[in-house]
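Participant: Quick one: structure below, then a few questions.
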Amino acid sequence: MKLVSQRRRSNEDDRILPLINVVFLLLIFFMLAGRLSPGDPFRIDPPVSINAGKVEIDDLLVQVGADGRLALNGEETTLLALEPAISAHLKAGLPATVRLKADGAVAASEVIAIMELLREAGVDSLKLLTVPAGGG
């Protein structure tokens with residue numbers, strides 16, 4: 001009798017082992033292949049804020065690096081090329097909200113100058129992206 005119960009127990013374990021292998025293979029696959037959003041073209045550490053807001057993915061994204069580099073929707077650009085690109089986007093009838101993601105080390109005067117440029121380009125809604133105060 002003991003021999004029969006030992007065989008059943010080992011057979012039950014043998015049936016679950018391939019399932020565990022498949023789960024680990026899927027986990028490794030998604031860790032290597034899965035990327036939810038494209039990375040920033042350069043390092044940006046946004047300032048900390050106590051307010052939290054919802055971010056729309058369809059909005060335009062303007063990024064400002066600590067060294068003053070600019071990017072529009074993940075592609076590096078210059079200050080001179082930024083206004084015409086945004087104006088063309090708005091004239092095409094695409095979403096008019098712009099998200100501004102500036103590094104916390106960028107001078108406030110530079111951020112304000114970019115905000116004014118966006119206003120002159122026709123942007124009527126601007127969201128300044130920050131990091132929540134609790135971490136993140």
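The values are calculated or read from the model by the stated rules, or taken from the named source; none is laboratory data. This is a predicted model, so every value here is computed, not measured. All Cβ positions, glycine included, derive from the backbone under ideal geometry; neighbour counts span all protein chains shown.
Participant: Need a quick list: strands (runs of 3 or more DSSP E) entirely within the stretch 57-130 having at least 3 residues that are buried (at least 16 other Cβ atoms within 10 Å of the Cβ). Before the answer, list the steps.
Facilitator: On the way: elements: 60-64, 70-72, 75-77, 97-102, 125-128.
Result: 60-64, 70-72, 97-102, 125-128.
Participant: Output yes when any residue across the stretch 31-40 is in a helix (DSSP H, G or I), within 30 Å of ARG69 (Cα to Cα) and at pLDDT 75 or above, and no when none is.
Facilitator: Yes, the stretch 31-40 contains at least one residue that is in a helix (DSSP H, G or I), within 30 Å of ARG69 (Cα to Cα) and at pLDDT 75 or above.
Participant: For the stretch 95-114, give me each residue that is without any contact (Cβ under 8 Å) to a residue 40 or more places away in the chain and either of a type in the set (A, V, I, L, M, F, W, C) or not assigned by TED's automatic domain parsing to the domain that holds LEU61 (or both).
Facilitator: If the condition is that a residue be without any contact (Cβ under 8 Å) to a residue 40 or more places away in the chain and either of a type in the set (A, V, I, L, M, F, W, C) or not assigned by TED's automatic domain parsing to the domain that holds LEU61 (or both), then ALA96, VAL98, LEU100, ALA107, ALA108, ILE112, ALA113 are the ones that fit.
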